1. What about residue 90, is it within 16 Å of the chain's Cα centre (by Cα) and either surrounded by 14 or more Cβ atoms within 10 Å (Cβ to Cβ) or within 30 Å of residue 183 (Cα to Cα) (or both)?
2. Being under 17 Å from residue 199 (Cα atoms), out of contact with any strand residue (DSSP E or B) (no Cβ under 7 Å at 6 or more places or on another chain) and not in a loop (DSSP other than H, G, I, E, B), is that true of even one residue in the range 166-174?
3. Here are some residues: 195, 201, 158. Which one is part of a helix (DSSP H, G or I), in contact with a helix residue (DSSP H, G or I) (Cβ under 7 Å, 6 or more places away or on another chain) and assigned by TED's automatic domain parsing to the domain that holds residue 118?
4. Please work out if residue 199 is surrounded by 14 or more Cβ atoms within 10 Å (Cβ to Cβ) and either without any contact (Cβ under 8 Å) to a residue 60 or more places away in the chain or at negative phi (or both).
5. Residue 117 - would you say it is under 20 Å from residue 99 (Cα atoms) and either assigned by TED's automatic domain parsing to the domain that holds residue 197 or surrounded by fewer than 17 Cβ atoms within 10 Å (Cβ to Cβ) (or both)?
6. Could you say which residue among 30, 41, 81, 72 is loosely packed, with under 10 Cβ neighbours inside 10 Å and either at pLDDT 85 or above or on the phi < 0 side of the Ramachandran plot (or both)?
7. Would you mind listing the strands (runs of 3 or more DSSP E) fully within the range 101-146 where at least 2 residues are in contact with a helix residue (DSSP H, G or I) (Cβ under 9 Å, 6 or more places away or on another chain) and more than 19 Å from residue 212 (Cβ to Cβ)?
8. Only one residue in 129, 141 is surrounded by 21 or more Cβ atoms within 10 Å (Cβ to Cβ), over 14 Å from the mean Cα position of the chain (by Cα) and under 22 Å from residue 188 (Cα atoms), so which one is that?
């Protein structure tokens, strides 16, 4: 008895499923009929009112072009305002780590780098931003959005273990809104990592000119 009851339940479920599927398929013919009627009315209107139809089409086209022009102008204006904001180092003080990475990426773009990508996150192996230098070399950047704390030797040593061996960097940078300890500068100079502290970063942001060569690879001194 229980088995027959279960079977009836299964059959009833199948019937309900088939009923639902049939109800769903009824929507498509209605849409086709509605679309056909709309198309017929449109063609009939164009045939009986050719001049008015042309005027309406021209107005729609002009409106679309005007909207596109306004949108492009707004984009350019926003890009210009963003560029002006990016020239002031103080804007980084209220940024999160991710925002500072994006700011650094825009700075690299202004300096002539291409294929600039923000890659920071879990499993980034020390790289926050990657870019291609004007000379074709790979730029690997680690960003340190610090307050008063200075970047120490540990951060430099960790980056030195991945910048070239893992990422294949031609130019390695550590960029900070703070400063570096003297020991960190010595380590960086020995392994060819460019250190960009707040003072140098401020000038770089103001001028858009990188304070180190972007056209060749090799060891660089700390800045």
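The values are calculated or read from the model by the stated rules, or taken from the named source; none is laboratory data. Every value quoted in this text rests on a predicted model; they were computed, and no experiment measured them. Glycine also receives a Cβ, built like all others from the backbone with ideal geometry; neighbour counts cover every protein chain displayed.
1. For residue 90, the condition - within 16 Å of the chain's Cα centre (by Cα) and either surrounded by 14 or more Cβ atoms within 10 Å (Cβ to Cβ) or within 30 Å of residue 183 (Cα to Cα) (or both) - is not met.
2. no
3. Numbers: 195 fails: part of a helix (DSSP H, G or I); 158 fails: in contact with a helix residue (DSSP H, G or I) (Cβ under 7 Å, 6 or more places away or on another chain).
Step by step, each of 195, 201, 158 is checked, and only 201 is part of a helix (DSSP H, G or I), in contact with a helix residue (DSSP H, G or I) (Cβ under 7 Å, 6 or more places away or on another chain) and assigned by TED's automatic domain parsing to the domain that holds residue 118.
4. no
5. Criteria met by residue 117.
6. On the way: 41 fails: loosely packed, with under 10 Cβ neighbours inside 10 Å; 81 fails: loosely packed, with under 10 Cβ neighbours inside 10 Å; 72 fails: loosely packed, with under 10 Cβ neighbours inside 10 Å.
Within the list 30, 41, 81, 72, the selection yields 30.
7. Details: elements: 114-118, 129-132, 138-144.
Hits in the range 101-146: 114-118.
8. Testing whether each residue is surrounded by 21 or more Cβ atoms within 10 Å (Cβ to Cβ), over 14 Å from the mean Cα position of the chain (by Cα) and under 22 Å from residue 188 (Cα atoms) leaves just 141.
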